[in-house]
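The values are calculated or read from the model by the stated rules, or taken from the named source; none is laboratory data. Please read these numbers as outputs of a predicted model, since none were measured by experiment. Reconstructed Cβ throughout: ideal geometry from the backbone, glycine too, with neighbour counts over all protein chains shown. Surface areas here come from the heavy atoms of the whole protein model, side chains and all, with no ligands, DNA or RNA. Shrake-Rupley method; radii C 1.70, N 1.55, O 1.52, S 1.80 Å.
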Amino acid sequence: MKLSLFKGFLALIVLSASSPALAKGERYGASFQQLSFDGTTIDAGETGSGDVLRFGLVHTRPIDENSNRWRWWFGLNYLATDIEAPKNGVYQEVSNLEFRLVPQYAFGTLEWLTPYIGVGLSAGYSQYSNRFPVDSDGFKYGDQLEDESKFEFGAVFNLGTVIKIGSNPDAHLQLIPNVSYIQPMNDGLGGIELSFALLF
């Protein structure tokens, strides 16, 4: 199951790389993220929290082509990791494909720096597998729990800045450090995320 999600993500990378920018202000790129996710409560017990690296594709475009203050941020992110269990909790492995849509507002444009804020939505599909209950000493015991696949939704709050690389206002590269908080709506993956994106 994890392999099928990963193959789909690779296919989207190829399609994105072959798609040129079609309108003024449109940009494409890639992102690298570290998500510090929170544990959740499921029927079998508590799941663990932790840190995981994930990778993504990014597309941005102006909401209003006559204003550079507002833009759409489209993100497609993939991760696969194991989630260590807390004492008397549940160990599990997860793969996740997430789509993110965030309208962003720029505070103002300096010569090479543009800070912004955004609030948007996250929709993902997660597959949880190899799930076992864990005792107070951290050892797996009993029968393996059923795998679970589900759609997950969340609210996204982010703050970042665009660092412009190059003198051409229409062709410069953009390096974007960003911090986000993902608030799950249905016990999905969420927490604080630090990321860097490079847009062309």
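Please verify whether SER129 is buried (at least 21 other Cβ atoms within 10 Å of the Cβ), touching a helix residue (DSSP H, G or I) at 6+ places or on another chain (Cβ under 9 Å) and not charged (D, E, K, R), treating the condition exactly as stated.
Criteria not met by SER129.
Return the pair list, or none, for Cβ contacts closer than 6 Å from residues in the stretch 61-79 that are under 19 Å from PHE157 (Cβ atoms) to residues that are of a type in the set (Asp, Glu), at least 6 apart or on different chains.
Correct list of pairs: TRP70/ASP64; ASN77/GLU98.
Please go through the stretch 163-196 and pick out each residue that is under 25 Å from ALA123 (Cβ atoms) and among the hydrophobic types (A, V, I, L, M, F, W, C).
ILE176, VAL179, ILE182, MET185, LEU189, ILE192, LEU194, PHE196
Considering each residue of the stretch 154-182, count those that are surrounded by 14 or more Cβ atoms within 10 Å (Cβ to Cβ) and not basic (Lys, Arg), and give that number. I'd like the intermediate steps shown before the answer.
Applying the first criterion (surrounded by 14 or more Cβ atoms within 10 Å (Cβ to Cβ)) to the stretch 154-182 yields 154-164, 172-176, 178, 180-182.
Subset that is not basic (Lys, Arg): 154-163, 172-176, 178, 180-182.
Number satisfying all stated conditions: 19.
Identify all residues within the stretch 101-126 that are within 16 Å of the chain's Cα centre (by Cα), open to solvent by 50 Å² or more (accessible area, probe 1.4 Å) and either under 17 Å from PRO177 (Cα atoms) or acidic (Asp, Glu) (or both); write none if there are none.
Of everything in the stretch 101-126, just one residue is within 16 Å of the chain's Cα centre (by Cα), open to solvent by 50 Å² or more (accessible area, probe 1.4 Å) and either under 17 Å from PRO177 (Cα atoms) or acidic (Asp, Glu) (or both), namely VAL119.
For ASN66, indicate whether it is out of contact with any strand residue (DSSP E or B) (no Cβ under 9 Å at 6 or more places or on another chain) and either under 24 Å from PRO184 (Cβ atoms) or surrounded by fewer than 17 Cβ atoms within 10 Å (Cβ to Cβ) (or both).
Yes, satisfied.
So, in the stretch 37-54, how many residues would count as being in contact with a Leu (Cβ under 8 Å, 6 or more places away or on another chain) and part of a strand (DSSP E or B)?
So the count comes out to 5.
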